[in-house]
Structure formats: C-alpha cells, structure tokens
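First comes the structure, then the notes that go with it.
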Amino acid sequence: MFRKVMALCVMLPLPVLAQGMQTAFGASDQNTDAPIEVVADSLEVNDTANTAVFVGNVEIVQDKMRMTAPRVEVTYREDDAATPEVEDGIAKVLATGGVTMTSGEDAAEGETAEYNVESDYVILSGSVLLTQGRNVLSGNEARINLSDNTAQMTGRVRTIINPGSSQ
C-alpha cells in the first residue's frame with residue numbers, strides 16, 4: 001500500500017504553456033527515481049474504498065519538486081484478473097484546500113489539483129497562478145496533458161512575459 005501512495009508524486013512534473021515560457025514545469029534534471037517523502041498531520045487508509053487520505057499540512061517532496069496542500073486524497077486501483085492490462089497503482093490524486101507546487105523558480109498555485117493517471121491529465125482549478133522565473137500566467141483553470149506536453153488555460157487568462165528573461 002505504501003508503494004502505491006508514494007506514486008502520487010508522478011503529478012509533480014507539471015508542464016506550462018505560454019509564449020515566452022518553457023513548456024516544462026520544474027527542473028529538466030528532476031530525478032524521478034529519487035525517494036518521495038510525504039509528511040502530514042494524519043493519514044487514513046481505506047482498503048475497501050481504495051483510498052488513502054493525507055490531512056493537515058501535507059507536504060510531498062521528491063528531489064527538487066515540492067507540493068503542499070491541506071488535504072491530498074489518493075485513489076488507487078488493484079490488479080483485476082478479468083482485465084490483466086490494468087496494473088496496481090494510482091488511479092487519481094486530488095489535492096484540495098489551496099495547492100502549491102514548486103521547483104526552483106517555477107511555481108504553480110490553485111485551489112485544487114487533480115491528476116488522473118489513466119487520461120494523463122492534471123487539472124489545476126480556482127485562481128490558478130503559474131510562474132516561471134519572472135514570467136506569470138493566471139486564469140481560472142489549467143488543463144494539462146502530460147502525454148503530449150500541452151496545456152489550456154481558461155477563465156480570464158492573463159499573461160505577463162518579460163522579454164529577454166531566460167525563463
């Protein structure tokens with residue numbers, strides 16, 4: 001079970017798209033094989049519902065990536081003999097209550113962040129703010145496709161691009 005819960009950090013590499021901004025959130029040299037540390041005030045595991053819920057000052061760190069939120073719920077799936085192509089692992093991660101993700105000078109904030117492993121989408125919603133160096137992108141919702149490294153920002157989008165900045 002612990003192995004399944006720790007896999008939630010696959011949501012940490014978060015791409016951002018805007019003219020003049022890099023397409024990848026965080027350091028390109030991120031070590032995805034690095035240990036993942038999760039700290040929270042409490043953890044509730046419900047094997048019947050296939051969930052693990054971290055509550056209170058949740059902090060998830062892997063290498064240079066860091067995510068914080070008041071609550072993170074992980075829904076996992078188990079091997080199913082009827083569908084052998086479905087493996088054990090994380091199905092969905094939902095962070096709520098004000099989410100912050102950082103890596104170096106890059107940061108992403110929103111009220112919620114949901115990562116659906118099957119669709120390989122991250123949806124950041126509620127006063128979304130993405131920063132890379134001195135460049136800023138804000139809106140109501142960011143839909144990020146991790147498979148093809150694309151994103152769509154909606155809801156009164158505002159972009160501040162600093163020409164000449166390296167990021």
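Bear in mind these aren't lab numbers, they're just calculated from the coordinates by the rules spelled out. Computed from a predicted model, the values in this text were never measured in an experiment. We place every Cβ from the backbone using ideal geometry, glycine too, and count neighbours over all the protein chains shown.
Just a few scattered comments:
- For the pair GLU118 and SER147, label points projected 7 Å from Cα toward Cβ lie 1.3 nm apart.
- Inter-part distance, the range 90-167 to the range 40-64, computed on C-alpha centroids, equals 21 Å.
- Per-residue Cβ neighbour rank within 10 angstrom, fewest leading, GLU111, GLU37: GLU37, GLU111
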